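Heads up, the thing below is written out as structure tokens.
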Amino acid sequence: MADLKALYQEVILDHNKKPRNYGKLSPSTHHAEGHNPLCGDHISVTLNLSGNLADVKIEAIGFEGEACAVCKSSASMMTVAVKGKTRDEAETLTQDFLAMATGKMDMNAPNNMGRLAVFAGVKDLPTRVKCAILPWHTLHAAFNSVLEVSTEADADPMHTS
Amino acid sequence: MNAPTFKPAAVLDIERIRADFPILKLEVNNKPLVYLDNAASSQMPQQVIDRLVRYQTSQHANIHRAVHYLSETATHEYEVARRTLQKFINAKEDREIIFTSGTTEAINLVMHGYGRKFIKAGDEIILTTLEHHSNIVPWQMLCEETGAKIRVVPINDAGELDIAVYESLFNERTKFVGVVHISNALGTINPVKQMIAFAHARGVPVLVDGAQAAPHLSVDVQDLDCDFYAYSGHKLCGPTGIGMLYGKAKHLEAMQPYKGGGDMILSVTFEKTTYNTIPFKFEAGTPPIMAAIGLGAAIDYLQTIGMDKIAAHEHSLLEYATAQINDMPGVRIIGTAKNKASVISFAIDGVHPHDIGSLLNQEGVAVRTGHHCAQPVMDRYRVPATSRASFAFYNTMAEVDALITGIRTVQQVFA
Ligand SMILES: Cc1ncc(COP(=O)(O)O)c(C=O)c1O
């Protein structure tokens, strides 16, 4: 069992209290809403993308919502991690984050998680994995401007792992 | 008895009772398990576990089918269990007890068997804000199908039903009332006897969802005069997959069957099928025989302790926990009805319930967090979710202390 208190102390002291890029971009080029029906969490991600096809870039990103500390900190750290990146880079990071949170990444091998690695511990807390990955699913949905995503369906780590 | 009086009962020998529950010896995260999620499901004593094993090792066969020894034994034990359930709620006849998979199925049975036959377009069904989704959704399905309408009794800030509004909702179109006996989200004990009398004076039948009441107070369906009463075995120390619907014989006889199959018929030809008598008309197919017998054993177990003593002990846990939480700055109890069962929904300032649940779990304390399948209640208090501690007779004052310490730890982490 991960030391949950340590995870909390690390992320809560920072991102839960002072979430970065908090709010809705207006205007925005893309946005999506994400829900976790299990706990009622709800967040929105808004994006301003520039460029075309090959090098679409995240100029600005905002998130907002009612969510637990794990979800909110994950969202906040996500916005910091992907701002200024290309869509491809952000999508790769998303895949890697999902792999890490669901325990499919070897954390001893070199990886690109950086500060996001604090979330590796949620893999031992199946009910909390959904909280950590909701922002990332919502980001992915925003790229495609799929307007609603839910962590209960295909994104459910209990069913994909 | 909708307003139980808590007699100063002889103190329960909690340590002896706890010894009956093997699971209570578990450690979680290297801490003794403090199980405070009894409203979701309670734990099973060794006596019930043993009964399940005895049935399966020496008494099992299909019931109501064959003349051989085991089938007769299993049938006998199954029907003995039915009579145990009958006496537990003081039903007049054993044929008024239908085994179902739980409260949810019991309510769905009434919706299909009674609602679809007797409730028509324009008719009204009265429900309350305190209902569990299982006493909302079936009626919405019925309304969608028939064009009937749902009217909702609101609650006040304490979480008590507004009885004046309840009474004002009745009119000539009112055809049915569904009310939860004890709210699983807030613990409010509703004045169901009074509500039933009011409905009956207008010729309207009442279903009582007793999922949270049957485990915690003594229920007398004849005294309540309810038309239907439902509960689940797994919330009263029995197995999952079993529960019960009580219905007055006159209603059950008038109702249409809900599932078709074996055991629910007297004769079948492709031209015409004659349904069996109650309760068998509603028990199509092979039922969970072992679970039904286990539920009977669980009721025997609870009755040896005594429902009044159970209610008294749980009430002292509730009072002790309530007083301590009320003294904690930054913690708020949601649901402060005068007449309350041992359920405490609470919120901690600045901390999401999901985080509370995870951090309490680190301390070995099991509480439920979420909307408790009662989203209308959450909406009423404008919260997405709460944390809920729910006590059973095997909980101790020391476990209340562990909860309080756990809440302090959560506050420290978030300080
Ligand atoms: C008040 C109430 N009604 C109905 C139910 C549904 O019970 P079950 O899931 O056992 O059918 C519950 C259980 O959570 C409950 O608390």
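The values are calculated or read from the model by the stated rules, or taken from the named source; none is laboratory data. In this text the structure is predicted, and so the values were computed from the model without any measurement. Positions of Cβ are generated from backbone atoms using ideal geometry, with glycine treated the same way; all protein chains shown enter the neighbour counts. Heads up: the accessible areas ignore ligands, DNA and RNA and are worked out on the full protein's heavy atoms, side chains in. Shrake-Rupley method; radii C 1.70, N 1.55, O 1.52, S 1.80 Å.
With a 1.4 Å probe and every protein chain left in place, tell me how much accessible area B:HIS132 has, in Å² to the nearest 10.
50
How about B:LYS31: which lysines have a C-alpha closer than 16 Å to its C-alpha, ignoring those fewer than 8 places off in the same chain?
Cross-link targets: A:LYS5.
Let me know the Rg and Dmax you get for the protein assembly as shown when you use only its Cα atoms, in Å.
Reported Rg and Dmax, both Å: 26.4, 80.
With a 1.4 Å probe and all protein chains kept in place, how do B:MET141, B:MET307 rank by accessible area, largest first? Display every interim value, and only then the final one.
Values: B:MET141 100, B:MET307 20 Å².
Largest to smallest exposure gives the sequence B:MET141, B:MET307.
Roughly how many percent of the accessible protein surface of chain A is carbon and sulfur, given a 1.4 Å probe and a whole-percent answer? Walk me through the intermediate numbers first.
Working: 3780 of 7120 Å².
In chain A, the share of accessible area belonging to carbon and sulfur is 53 percent.
Give the accessible surface of segment B:49-304 per residue, rounded to a whole number of Å², with probe radius 1.4 Å and ligands, DNA and RNA excluded.
Numbers: 9650 Å² over 256 residues.
On a per-residue basis, 38 Å².
Using protein chains only and a probe of 1.4 angstrom, how many square angstrom of A:LYS24 are accessible, to the nearest 10?
The accessible area comes out at roughly 110 Å².
State, in square angstrom and to the nearest 100, the accessible area buried between chains B and A, both chains counted, probe radius 1.4 Å. Walk me through the numbers before you get to the answer.
Numbers: alone 16910 and 7810 Å², together 23240 Å².
For chain B against chain A, roughly 1500 Å² becomes buried.
Provide the solvent-accessible area of B:PHE198, counting protein heavy atoms only and rolling a 1.4 Å probe, rounded to the nearest 10 Å².
40
For B:GLU319, put the label point 7 Å out on the Cα→Cβ axis and report which residues of segment B:385-399 keep their amide N under 15 Å from it.
Within reach of a label on B:GLU319: B:397.
Please list the non-local residues whose amide H lies under 5 Å from the amide H of B:THR188, H modeled 1.01 Å from N, same-chain partners needing a gap of 5 or more.
B:SER183, B:ALA341
For B:HIS200 and B:ILE265, what does the FRET efficiency come to when R0 = 35 Å and r is the distance between their Cβ atoms, rounded to the nearest 0.05? Present the calculation step by step, with values, prior to reporting the outcome.
Values: r = 33 Å, r/R0 = 0.95.
So the FRET efficiency works out to roughly 0.60.
How high is the relative contact order of chain B, in percent, counting Cα pairs under 8 Å that sit 6 or more residues apart?
Values: 831 pairs, mean separation 97.8, N = 415.
Once normalised by length, the contact order is 24 percent.
Once amide H atoms are placed 1.01 Å from N in the peptide plane, what residues at a sequence separation of 5 or more from B:ASN38, or on another chain, have their amide H within under 5 Å of its amide H?
Distant-sequence amide H within range of B:ASN38: B:SER390.
Counting only pairs 8 or more residues apart or on different chains, how many lysine pairs in segment A:71-128 have their Cα atoms under 21 Å apart? Intermediate values should be presented prior to the final figure.
Working: A:LYS72/A:LYS83; A:LYS72/A:LYS85; A:LYS72/A:LYS123; A:LYS104/A:LYS123.
Close lysine pairs under the 21 Å cut-off: 4.
Evaluate E = 1/(1 + (r/R0)^6) for A:SER50 and B:HIS133, where r is the Cβ-Cβ distance and R0 equals 60 Å; express this FRET efficiency to the nearest 0.05.
Working: r = 45 Å, r/R0 = 0.75.
About 0.85, to the nearest 0.05.
For segment B:350-369, which residues drop by 10 square angstrom or more in accessible area between the chain on its own and all protein chains together (1.4 Å probe)?
Flagged in segment B:350-369: B:HIS352, B:HIS354, B:ASP355, B:SER358, B:LEU359, B:ASN361, B:GLN362, B:GLU363.
Under a straight-distance cross-link criterion of Cα-Cα below 16 Å, which aspartates and glutamates are reachable from A:LYS17, leaving out those fewer than 8 residues away in the same chain?
In chain and number order, the partners are A:GLU64, A:GLU66, B:ASP349, B:ASP355.
Cα convex hull of chain B: mean projected area in nm², to one decimal? Kindly include the intermediate steps, with their values, before the conclusion.
Details: hull surface 84.3 nm².
Taking a quarter of the hull surface, the average projection is 21.1 nm².
What FRET efficiency would be calculated for the residue pair B:ASN29, B:ARG54, taking the C-beta separation as r and a Förster radius of 30 Å, to the nearest 0.05? Don't jump to the answer; show the numbers that get you there.
Numbers: r = 35 Å, r/R0 = 1.16.
My answer for the efficiency is 0.30.
For segment B:1-159, with all protein chains present and a 1.4 Å probe, just round the carbon and sulfur fraction of the accessible area to a whole percent.
Numbers: 4190 of 7470 Å².
Roughly 56 percent of what the probe reaches on segment B:1-159 is carbon or sulfur.
May I ask you to list the residues of segment B:145-175 whose amide nitrogen lies under 13 Å from a point 7 Å from Cα along the Cα→beta-carbon direction of B:ALA121?
It comes to B:145-149, nothing else.
Using only alpha carbon positions, build the gyration tensor of segment A:2-147, then give the equivalent ellipsoid semi-axes as the square roots of 5 times its eigenvalues, largest first, whole angstrom.
Numbers: eigenvalues 109, 61, 35 Å².
Its equivalent ellipsoid spans semi-axes of 23, 17, 13 Å.
So which cysteines of the protein assembly as shown have no other cysteine's Cβ under 4.7 Å from theirs?
That list is A:CYS39, A:CYS68, B:CYS143, B:CYS226, B:CYS237, B:CYS373.
Residues of segment A:12-52 with the amide nitrogen closer than 12 Å to a label point 7 Å from the Cα of A:SER145, along Cα-to-Cβ, please.
Answer for segment A:12-52: A:28-32, A:47-49.
Provide the per residue accessible area, probe 1.4 Å, for segment A:2-147, rounded to a whole number of square angstrom.
Numbers: 6090 Å² over 146 residues.
Result: 42 Å² per residue.
What ³J(HN,Hα) values, in whole Hz, does the Karplus curve 6.51 cos²θ - 1.76 cosθ + 1.60 give for segment B:164-178 when θ = phi - 60°, with x put for Gly and Pro?
Residue by residue, segment B:164-178 yields 4, 5, 3, 5, 6, 6, 6, 8, 5, 8, 5, 10, 6, 10, x Hz.
Read phi for every residue in segment A:111-119 and hand back ³J(HN,Hα) as whole Hz from Karplus 6.51 cos²θ - 1.76 cosθ + 1.60, θ = phi - 60°, with x for Gly and Pro.
Per residue, the Karplus-derived 3J(HN,Hα) values read 8, 9, 6, x, 4, 5, 4, 4, 7 Hz.
Starting from the Cα of B:LYS87, draw a straight line to each of the lysines and keep only those under 30 Å, dropping any in the same chain fewer than 8 residues away.
List returned: B:LYS7, B:LYS117, B:LYS175, B:LYS193, B:LYS235, B:LYS248, B:LYS250, B:LYS259, B:LYS281, B:LYS309, B:LYS338, B:LYS340.
Residues of segment A:30-49 losing 50 Å² or more of accessible surface, assembly versus chain alone, probe 1.4 Å, please list them.
Those residues are A:CYS39.
Would you mind pulling out the separation of the Cα centroids of segment B:29-85 and segment B:127-160, in Å?
If we compute the Cα centre of each part, the gap is 33 Å.
Go through B:PHE21, B:PHE170 and list them by solvent-accessible area, largest first, probe radius 1.4 Å. Before the final figure, lay out each step's value.
Numbers: B:PHE21 0, B:PHE170 30 Å².
Ranked list, largest accessible area first: B:PHE170, B:PHE21.
Apply the Karplus curve 6.51 cos²θ - 1.76 cosθ + 1.60, θ = phi - 60°, to the phi angles in segment B:217-222 and return the couplings in whole Hz, x for Gly and Pro.
Working through the residues one at a time gives 8, 7, 10, 10, 5, 6 Hz.
For labels at B:ALA19 and A:ALA60 in the simple 7 Å Cα→Cβ model, what's the distance in nm?
Between B:ALA19 and A:ALA60, the label points sit 7.0 nm apart.
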